[in-house]
Amino acid sequence: PLRRQRQMCIRDRLNLDLLLNQWQQAHQMQEISGFTPIYEDLAVVVNQDLPVAQVLGEMEQAGRPLLKKATLFDVYTGEQVAADKKSLAFALTFQANDRTLQDKDVQKLRHKIVCRLEQTCDAQLRS
């Protein structure tokens, strides 16, 4: 049995060039910005059965290219939202590679994100 295992290991060869090429295609490097990011939180109320992944996808599309990261940090169901709803709170990171963002830049993007969520996810901004 040991000899058979050794033969199997020797017989199978790896094409390292192919593996590295595929890895590089899947893991493209991105430039690191030297400009300060802006962090904001955003909470929306959506239907209980709406997947978080759908909300994140809509946020990422609406916030491109300056929305660098959106992370869910809280899901709330309870007295302050309707029984068939949930509140999702996200930490957002905005950053440009070529300039320092101004508050007006982020406010435009935030408005665009909220409008997109209202249209596609029937979301309401939570105050």
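The values are calculated or read from the model by the stated rules, or taken from the named source; none is laboratory data. Keep in mind that this is a model prediction, so the values were computed, not measured. Methodologically, a virtual Cβ is constructed for each residue, glycine included, from the backbone with ideal geometry; neighbour enumeration extends over all protein chains shown. Ligands, DNA and RNA are excluded from the accessible area calculation, which covers all protein heavy atoms including side chains. Shrake-Rupley method; radii C 1.70, N 1.55, O 1.52, S 1.80 Å.
The table below lists the values:
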| item | result |
| --- | --- |
| Surface accessible to a 1.4 Å probe, per residue, for the residues of region 17-127, Å² | 67 |
| Those residues of region 40-57 whose amide nitrogen sits under 18 Å from the label point placed on ASP122, 7 Å along Cα→Cβ | 44-56 |
| Projected-area average for region 35-127 over all orientations - Cα convex hull basis, square nanometres | 5.6 |
| Residue-wise HN-Hα coupling along region 64-77, computed from phi with Karplus coefficients 6.51, -1.76, 1.60 (Hz; x: Gly, Pro) | 4, x, 8, 7, 8, 7, 9, 10, 6, 10, 7, 10, 10, 10 |
| Fraction of accessible area attributable to carbon and sulfur, region 31-127 (%, probe 1.4 Å) | 48 |
